[in-house]
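Colleague: Before anything else, here's the structure in question.
Here, each number is a calculation from the coordinates, and none is a lab measurement. Keep in mind that this is a model prediction, so the values were computed, not measured. Here the Cβ is made from the backbone with ideal geometry for all residues, glycine too, and neighbour counts use every protein chain on show.
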C-alpha cells in the first residue's frame with residue numbers, strides 16, 4: 001500500500017526557511033502544504049514558486065499539517081513552538097532551541113507529553129565532513145574551531161554565541177562526550193547591540209581543551225575545525241566538506257584526504273526529521289541535545305560578560 005505523504009509547513013521563509021520549503025517540496029512522500037511569514041509579499045512569492053498555500057498568521061497552520069519547520073527569530077521559538085506542539089504538530093525548531101533554559105524545558109516537556117517529535121536544527125551534525133571525520137576520532141585532546149561569516153542582518157536578536165558559535169558547541173559536546181569544567185570567554189559588540197565576535201576556551205573533565213572563535217563580521221565565511229589527538233590530527237572544513245588526516249607512520253607524518261560523500265546537510269537533516277516522524281523514533285538531534293548546547297552557550301555568555309565587566313572596572 002502506498003504511504004500517505006507527511007504534510008509539512010514552514011513558518012518563517014527568510015533565507016533559511018525558504019531552503020527548508022524548497023527541500024520539502026522536492027521530497028518524496030512529503031507534501032508542502034503551506035509557508036507562513038509576517039511579510040505577505042515574501043510568503044506569496046515562495047508559495048507561488050513552490051505551489052503551496054501562503055499564510056501570514058502562524059495560528060492558521062495547525063489543522064492542515066502534520067509537521068512544521070520553525071525558522072523564525074530565536075525570541076519567538078518558545079512561543080510558537082509550544083503552540084504548535086500543543087496542537088499535536090511535530091516541530092523542527094531552528095537552533096538555538098530557545099533563549100532560556102526554562103523555555104527549552106517547556107518545549108521538551110510539552111513534546112514528551114504530546115508524544116510529538118521535537119528536533120533541533122543543529123545542521124552541522126549532518127555535514128558529510130563531520131560524518132567522515134568522526135570515525136577517526138578516538139580521544140580528542142585539543143580542538144581549534146573557527147566559524148566566521150559576513151554580517152547576516154538577521155539573527156542579531158541574540159549574541160554571536162547563540163547565533164553562530166552554538167553550532168560548534170553542539171558538535172563539540174557530541175564529539176568530546178564529557179562535561180565542561182572551566183570556561184573562559186571574551187566578546188565584543190561591533191555592529192549590533194550584543195556581541196558580534198567572541199572567543200571561548202573550554203576545559204573538559206576528560207582533559208580535552210577546545211578553543212572556539214565565532215564572528216559574524218568577517219569578510220568571508222570560514223567553518224573549520226582542527227582536532228588534535230595523541231596519534232593523529234584532523235582538519236575538517238565543513239564549508240568545503242573536506243577532511244585531512246595526518247598520522248605519524250614510520251617516523252614520518254603522512255597526510256591523506258579522507259573520502260567524503262559530499263551532499264547538502266540541510267537535505268539530510270530534513271529527511272531525518274521526516275524519518276523520525278514516520279518511525280516514531282528519537283530524532284537525531286533531540287530537544288535534550290538542543291538544551292545542552294544552549295546551556296553551554298549561556299554559560300559562555302555569562303563568562304564573556306563577566307570578563308568584559310571586570311576589564312571595564314580595572315581600566316586605568
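Colleague: Condition first: in contact with a strand residue (DSSP E or B) (Cβ under 6 Å, 6 or more places away or on another chain), farther than 28 Å from residue 149 by Cα, in contact (Cβ under 8 Å) with a residue 24 or more places away in the chain and outside any loop (DSSP other than H, G, I, E, B). Can you find one or more residues in region 268-279 that meet it? Break it down stepwise before answering.
Modeller: The first filter runs over region 268-279 and keeps only residues in contact with a strand residue (DSSP E or B) (Cβ under 6 Å, 6 or more places away or on another chain), leaving 273-274, 277.
Retained after the next criterion (residues that are farther than 28 Å from residue 149 by Cα): 274, 277.
Okay, now just the ones that are also in contact (Cβ under 8 Å) with a residue 24 or more places away in the chain, so 274, 277.
Going one step further and asking which of them are outside any loop (DSSP other than H, G, I, E, B), we end up with 274, 277.
Taking every residue of region 268-279 in turn, at least one turns out to be in contact with a strand residue (DSSP E or B) (Cβ under 6 Å, 6 or more places away or on another chain), farther than 28 Å from residue 149 by Cα, in contact (Cβ under 8 Å) with a residue 24 or more places away in the chain and outside any loop (DSSP other than H, G, I, E, B).
Residue-by-condition table, conditions (1) out of contact with any helix residue (DSSP H, G or I) (no Cβ under 8 Å at 6 or more places or on another chain); (2) under 23 Å from residue 272 (Cβ atoms):
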residue: 127; (1), (2): no, yes
residue: 130; (1), (2): no, yes
residue: 134; (1), (2): no, yes
residue: 139; (1), (2): yes, no
residue: 142; (1), (2): yes, no
residue: 145; (1), (2): no, no
residue: 149; (1), (2): no, no
residue: 161; (1), (2): no, no
residue: 169; (1), (2): no, yes
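Colleague: So for region 129-152 (the condition being under 16 Å from residue 294 (Cβ atoms), assigned to a loop (DSSP other than H, G, I, E, B) and in contact with a strand residue (DSSP E or B) (Cβ under 8 Å, 6 or more places away or on another chain)), does at least one residue qualify? Break it down into steps so the answer makes sense when it comes.
Modeller: Going through region 129-152, the residues under 16 Å from residue 294 (Cβ atoms) turn out to be none.
No: region 129-152 contains no residue that is under 16 Å from residue 294 (Cβ atoms), assigned to a loop (DSSP other than H, G, I, E, B) and in contact with a strand residue (DSSP E or B) (Cβ under 8 Å, 6 or more places away or on another chain).
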